[in-house]
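First up is the structure itself, then whatever we jot down about it.
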Amino acid sequence: MPSQETKREPLKLIYVAGYGRSGTTLLDIAVGQQKSVFAAGEITALSRHVWENDEYCACRKTVSDCDFWGPVVERWKANNADTSVSQYGALLDRSESLFNPKRSFAKLIPSRDVSDFERLTGSLFSEIAAQSGTNIILDSSKLPGRASSIHSNPNIEIYLVHVVRDGRGVAWSMMKPYSIKVEEGIQKELKPKPLWFTAARWFVVNMGAEIMRWRLPKKRSIRVRYEDFVADPEATVKRIMALVGEEYVLPEYGADVMKPGHQVAGSRHRMKDEIRINKDIGWKSKMPRAKQRLFSFLAAPLLWRYGYFNKSNDDNVANKTQDGSMAGRPA
């Protein structure tokens, strides 16, 4: 059992921010092939619903039976007896929104929510580090507001990886419904989202990630395009390892095969035995042109900023991408 006295300060947190259906879970798993990093999936979901509903870990056991998360949560509960997991989940709901006045003015007006978030979240990360045996943790919770709240903790050194995907592809993915398949990693029914809703959320969330990058030292954040990642996963993982000052080591199964670990929440791909990444650009031919043009109109500034109006750039990415046995689809 990991010692409670283990000191790993500051803990290095690779925080993956961005909008859904952008490949964040695939990136989480890819970086998790590095033995110096524990890739945890969407940690915010652990306390919001995963533990309470006893959902599945990527190891295919429920979290209460998981050899990793079971001990982590039980020790966390023992060390924070004044707070239940559900109470902590409610605190996260209040604390991780993009616009949080309590967080913004915490230095002027002390807030119990802010101090409790720092204490309880710091305690959870400490338990994860102790159980995993590494002080480099990857959290792919995506929420920029969560990154902002964690940033206030002096014991956590946050490194932001802002993942973006062409919003038209995101919108096309969001239009697809998914039924509940608990053992396959789909814990709730996913209803289709209207294009205007996705466009607005895609824009706001990515702007939130941009603001968070601006708050951090330049050397502690990078932007990763989904399209570049699936074209050359190894190069992307090398960039992220360099970000935290670690050497890239060729994984046991090679650079083209990934095996999930103990990711909680995230896309259904985490429940596969192994993953081979390739491009998913089916939206370009299947999404009606009128819808593509509408999304382009609604989100033009960021599409331009991220290079999605540059056709030659997209063609270069597509040409570099190699096929595999399983499409690297974000959802």
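Side notes on the structure shown:
- Farthest toward positive dipole pole in segment 11-320 [+1 Lys/Arg, -1 Asp/Glu at C-beta], among 81, 123, 152: 152
- Computed about the Cα centre, the dipole magnitude for segment 11-320 is approximately 1440 debye when only Lys and Arg (+1) and Asp and Glu (-1) carry charge, each at its Cβ.
- Loop-resident sites, segment 211-302, for chymotrypsin sites (Phe, Trp or Tyr not before Pro), counting at most 15 other Cβ within 10 Å (DSSP): 253
- Taking every DSSP bridge with both residues inside segment 11-320, close to 20 percent are antiparallel.
- All other residues whose Cβ lies under 10 angstrom from that of residue 44 are scored, Lys and Arg at +1 and Asp and Glu at -1, for a net of -1.
- Within the chain, the longest segment free of exposed loop sites, counting GluC sites (Glu not before Pro) that fall outside DSSP classes H, G, I, E and B and have at most 11 other Cβ atoms within 10 Å, spans 6-188.
- Sorted by Cβ density within 10 Å, fewest first, the residues 12, 238: 238, 12
- Amide H contacts of residue 138 (H built 1.01 Å from N, under 5 Å, at least 5 apart or other chain): 14, 38, 39, 40
- Here segment 11-320 has an Rg and Dmax of 18.9, 57 Å, counting Cα atoms alone.
- Of 218/291; 12/77; 102/218; 193/219; 238/291; 193/218, pairs whose Cα-Cα distance is over 32 Å: 218/291; 193/219; 238/291; 193/218
- Exposure proxy for 151, 49, 162: other Cβ atoms within 10 Å of each Cβ, ordered fewest to most, give 49, 151, 162.
- With a Förster radius of 25 Å applied to the beta-carbon distance between residue 207 and residue 175, the computed FRET efficiency rounds to 0.65.
- For segment 49-124, the fraction of alpha-carbon pairs in successive 5 Å shells from zero, as %: 3, 14, 22, 20, 17, 11, 7, 4, 1, 0
- Degrees between helix 112-132 axis and first principal axis of the chain (Cα, 0 to 90, nearest 10): 80 degrees
- Choice from 164, 224, 249 with maximal GNM fluctuation in the chain (Cα, 10 Å cutoff): 249
- Local charge for residue 248 was computed over the other residues whose Cβ lies under 12 Å away, with Lys and Arg +1 and Asp and Glu -1, and equals 0.
- Cβ-to-Cβ counts within 10 Å put 68, 197, 38 in ascending order as 197, 68, 38, the fewest first.
The numbers here are math on the coordinates, done by the rules we state, and not lab data. On a predicted model such as this, the values are computed, not experimentally measured, just so you know. Here the Cβ is made from the backbone with ideal geometry for all residues, glycine too, and neighbour counts use every protein chain on show.
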